Amino acid sequence: AASAFQGAGVQMERVDFLVAPTESIWTRDYGPFWVATGERRIAAVDFVYNRPRPSDDAVPAALATHLGVPAYAMPLVHTGGNYMAAGRGTSASTDLVWEENGGDEPLVRERMRAY
């Protein structure tokens, strides 16, 4: 990765790598959601990854620790890759998240709002 970045002209003094064990390559899917706290700080929100990959599911907490930011564990099963946020309270997701949480749409909405 470093060679490819350098070859593309990336300023490597601005790059930091997190090396962590994983079961897959889908870091976008199980990576944390990002929020601003009431103290105007960035924090990571970790959800239960919807695949049986415990090392993948541990990466968001490791990333938060690596970056020195708080991490919150949201009790919600999600794919992650089916969620996009535009910021300032606007986001979109497929309805797979309802199925992954027992079809309980009000519960999913409440937990998303809470975090």
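The values are calculated or read from the model by the stated rules, or taken from the named source; none is laboratory data. Because the structure is a prediction, the values reported are computed rather than measured. Glycine also receives a Cβ, built like all others from the backbone with ideal geometry; neighbour counts cover every protein chain displayed. Ligands, DNA and RNA are excluded from the accessible area calculation, which covers all protein heavy atoms including side chains. Shrake-Rupley method; radii C 1.70, N 1.55, O 1.52, S 1.80 Å.
Taken as a whole, region 50-61 holds at least one residue that is in contact with a helix residue (DSSP H, G or I) (Cβ under 7 Å, 6 or more places away or on another chain) and of a type in the set (A, V, I, L, M). Within region 64-115, the set of residues being in a strand (DSSP E or B) and either of a type in the set (Ser, Thr, Tyr) or surrounded by 12 or more Cβ atoms within 10 Å (Cβ to Cβ) (or both) comprises Ala71, Tyr72, Ala73, Met74, Leu76, Val77, His78, Tyr83, Ala85, Thr90, Ser91, Ser93. Consider region 1-24 and keep the residues that are hydroxyl-bearing (Ser, Thr, Tyr) and assigned to a loop (DSSP other than H, G, I, E, B). The one that is most open to solvent (accessible area, probe 1.4 Å) is Thr22. Among residues of region 58-76 that are farther than 26 Å from Asp95 by Cα, those with a Cβ under 8 angstrom from a residue that is open to solvent by less than 60 Å² (accessible area, probe 1.4 Å) and among the polar types (S, T, N, Q), sequence gap 6+ or separate chain, pair up as Pro70/Thr37. Could you say whether any residue in region 25-40 is open to solvent by 60 Å² or more (accessible area, probe 1.4 Å), in a helix (DSSP H, G or I) and modelled with pLDDT of 85 or more? No: zero hits.
Output the residue which, of all residues in region 41-54 that are of a type in the set (A, V, I, L, M, F, W, C) and under 13 Å from Pro75 (Cβ atoms), is surrounded by the most Cβ atoms within 10 Å (Cβ to Cβ). Among those that are of a type in the set (A, V, I, L, M, F, W, C) and under 13 Å from Pro75 (Cβ atoms), it is Phe47.
Yes/no matrix, rows are residues, columns are (1) basic (Lys, Arg); (2) closer than 16 Å to Gly81 by Cβ; (3) touching a Pro at 6+ places or on another chain (Cβ under 6 Å):
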| site | (1), (2), (3) |
| --- | --- |
| Gly9 | no, no, no |
| Arg14 | yes, no, no |
| Leu18 | no, no, no |
| Gly38 | no, no, no |
| Ile42 | no, no, no |
| Asp46 | no, yes, yes |
| Tyr49 | no, yes, no |
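When region 63-85 is filtered for residues that are under 16 Å from Met112 (Cβ atoms), at pLDDT 90 or above and of a type outside the set (Ser, Thr, Tyr), the ones remaining, listed by number, are Ala73, Met74, Pro75, Leu76, Val77.
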